[in-house]
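The values are calculated or read from the model by the stated rules, or taken from the named source; none is laboratory data. On a predicted model such as this, the values are computed, not experimentally measured, just so you know. All Cβ positions, glycine included, derive from the backbone under ideal geometry; neighbour counts span all protein chains shown. All accessible areas refer to the heavy atoms of the entire protein, side chains included, with ligands and DNA or RNA removed. Shrake-Rupley method; radii C 1.70, N 1.55, O 1.52, S 1.80 Å.
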Amino acid sequence: MLIESTNNEKIKNLSRLLTDNRFRKNSGIFAVEGKQENQRAINFGQEAEEFFICESIFDEDFPKGKITLVSEKVYQKLAYRGTSEGIIGVYKTKGNDLSDFKPKENASIIVVESIEKPGNLGAILRSCEAFGIDALIIADPKADFYNPNVIRSSVGCLFGMNIFTSNNEKLFEFLQNHDFNIFTTLMDESAEDLYKKDFTQKSALLFGTEHSGLSDFWIGKGKNTLIPMSGSIDSLNLSNAVAISCYEMLRQKREK
């Protein structure tokens, strides 16, 4: 079957999966564009429902599963990358409830509160996966995990990471019950350099929103830390701060 019209009902639904967060959530499925991203989804056991492929662009073996062929005109209308990849996969969403997380003895986790920007979330996922973080937990999430910008900016690292959601109250209870050392990043005089903290034990490092940092809920609930800087600027982009911190957590474990 070859779909050549953008008015086809399947194409309309696929377009909504790529652009409409509410539709995506209510459908229980999401779309993944690109060769590498789809390969990672398949490798990490994401359950595929269907693949939309443009044969004139896609130059690899078809993945196993239901295949729907689309014309180049239709694919260009759908894809962010135009003609560069030739494949869009549709997958079932997975549950992300924190109660499903069983942390290991010396787990390292990153917590981000109320993150809003999909690009930042994707970059954070990429850093967490690259530096061996055991889980990323989003407290009071505002960004959709399955937003195409998250998948694209994480280069599919979303599928290889443990990622969970929670509200602040349940998260704090979880961290206490599992004996995590809690490290906050509040902007106050109590903060000590990141490199002076011990991340070799079970550790949770918490970051706040892009604009206002951690909420007052976390005041007094952990050891406060910061990334030392020598320039005139006093803060970093959230995803950069997380990347530096993830590297430090890995470095300490390797040098222990």
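Out of the residues in region 203-244 that are assigned to a helix (DSSP H, G or I) and more than 20 Å from residue 189 (Cβ to Cβ), which is farthest from the chain's Cα centre (by Cα)?
Taking region 203-244 as the starting set, the residues that turn out to be assigned to a helix (DSSP H, G or I) are 216-218, 238-244.
Filter once more, so that each one left must be more than 20 Å from residue 189 (Cβ to Cβ): 238-240, 242-244.
On the way: 238: 13, 239: 11, 240: 14, 242: 12, 243: 13, 244: 17 Å.
Among residues in region 203-244 that are assigned to a helix (DSSP H, G or I) and more than 20 Å from residue 189 (Cβ to Cβ), the one farthest from the chain's Cα centre (by Cα) is 244.
Residues are listed down the side, and each one gets a yes or a no for (1) touching a residue at least 40 places away in the same chain (Cβ under 8 Å); (2) surrounded by 15 or more Cβ atoms within 10 Å (Cβ to Cβ):
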residue: 180; (1), (2): yes, yes
residue: 186; (1), (2): no, yes
residue: 201; (1), (2): yes, yes
residue: 210; (1), (2): yes, yes
residue: 214; (1), (2): yes, yes
residue: 232; (1), (2): no, no
residue: 248; (1), (2): yes, yes
residue: 251; (1), (2): no, no
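Against the definition (of a type outside the set (A, V, I, L, M, F, W, C), farther than 30 Å from residue 47 by Cα and surrounded by 14 or more Cβ atoms within 10 Å (Cβ to Cβ)), how does residue 154 come out, yes or no? Quick ask: steps written out before the conclusion?
Details: of a type outside the set (A, V, I, L, M, F, W, C): yes; farther than 30 Å from residue 47 by Cα: no; surrounded by 14 or more Cβ atoms within 10 Å (Cβ to Cβ): yes.
For residue 154, the condition - of a type outside the set (A, V, I, L, M, F, W, C), farther than 30 Å from residue 47 by Cα and surrounded by 14 or more Cβ atoms within 10 Å (Cβ to Cβ) - is not met.
Quick check on this structure: which one of 236, 206, 226, 214 is hydrophobic (A, V, I, L, M, F, W, C) and modelled with pLDDT of 95 or more? Explain how you work it out, then say what you get.
Working: 236 fails: modelled with pLDDT of 95 or more; 226 fails: modelled with pLDDT of 95 or more; 214 fails: modelled with pLDDT of 95 or more.
Just a single option satisfies the conditions, and that option is 206.
Among the residues that make up region 157-172, is at least one of them assigned to a loop (DSSP other than H, G, I, E, B), open to solvent by 10 Å² or more (accessible area, probe 1.4 Å) and within 23 Å of residue 119 (Cβ to Cβ)?
Kept after step one, since they are assigned to a loop (DSSP other than H, G, I, E, B), are these residues of region 157-172: 161-162, 167.
Narrowing further to those that are open to solvent by 10 Å² or more (accessible area, probe 1.4 Å): 161-162, 167.
Still in the list and also within 23 Å of residue 119 (Cβ to Cβ): 161-162.
Yes, because at least one residue in region 157-172 is assigned to a loop (DSSP other than H, G, I, E, B), open to solvent by 10 Å² or more (accessible area, probe 1.4 Å) and within 23 Å of residue 119 (Cβ to Cβ).
Has region 141-149 got at least one residue that is buried (at least 21 other Cβ atoms within 10 Å of the Cβ), closer than 20 Å to residue 37 by Cα and not polar (S, T, N, Q)?
Looking for residues that are buried (at least 21 other Cβ atoms within 10 Å of the Cβ), closer than 20 Å to residue 37 by Cα and not polar (S, T, N, Q), one finds at least one in region 141-149, hence yes.
Starting from region 66-87, keep only residues that are without any contact (Cβ under 8 Å) to a residue 60 or more places away in the chain, then list their pairs with residues that are assigned to a strand (DSSP E or B) and open to solvent by 10 Å² or more (accessible area, probe 1.4 Å) whose Cβ atoms are within a distance under 6 Å, requiring at least 6 positions of separation or different chains.
Correct list of pairs: 66/50; 79/33.
Would you confirm whether or not region 52-73 contains a residue that is modelled with pLDDT of 95 or more and hydroxyl-bearing (Ser, Thr, Tyr)?
yes
For region 21-126, which helices (runs of 4 or more DSSP H) that fit wholly inside it have 1 or more residues that are crowded, with 17+ Cβ neighbours inside 10 Å and of a type in the set (Asp, Glu)?
Values: elements: 21-27, 35-43, 72-78.
Because the criterion is at least 1 residues that are crowded, with 17+ Cβ neighbours inside 10 Å and of a type in the set (Asp, Glu), the helices (runs of 4 or more DSSP H) in region 21-126 that meet it are 35-43.
Can you report the number of residues in region 89-109 which are hydroxyl-bearing (Ser, Thr, Tyr) and under 26 Å from residue 49 (Cα atoms)? It would help to see each step written out before you state the result.
So in region 89-109, the residues hydroxyl-bearing (Ser, Thr, Tyr) come out as 91, 93, 99, 108.
Cutting the leftovers down to under 26 Å from residue 49 (Cα atoms) gives us 91, 93.
Counting residues in region 89-109 that are hydroxyl-bearing (Ser, Thr, Tyr) and under 26 Å from residue 49 (Cα atoms) gives 2.
Scan region 133-140 and tell me whether some residue there is at pLDDT below 95, out of contact with any Pro (no Cβ under 7 Å at 6 or more places or on another chain), in a loop (DSSP other than H, G, I, E, B) and surrounded by 14 or more Cβ atoms within 10 Å (Cβ to Cβ).
Yes: one or more hits.
Consider residue 191 against the criteria (1) open to solvent by 30 Å² or more (accessible area, probe 1.4 Å); (2) among the small types (Gly, Ala, Ser); (3) without any contact (Cβ under 8 Å) to a residue 60 or more places away in the chain: it satisfies all of them except one. Which criterion is unmet?
All conditions are met except number (1).
Yes or no, residue by residue, for (1) out of contact with any strand residue (DSSP E or B) (no Cβ under 7 Å at 6 or more places or on another chain); (2) under 28 Å from residue 141 (Cβ atoms):
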| residue | (1), (2) |
| --- | --- |
| 39 | yes, yes |
| 46 | no, yes |
| 55 | no, no |
| 63 | no, no |
| 75 | yes, no |
| 88 | no, yes |
| 99 | yes, yes |
| 109 | no, yes |
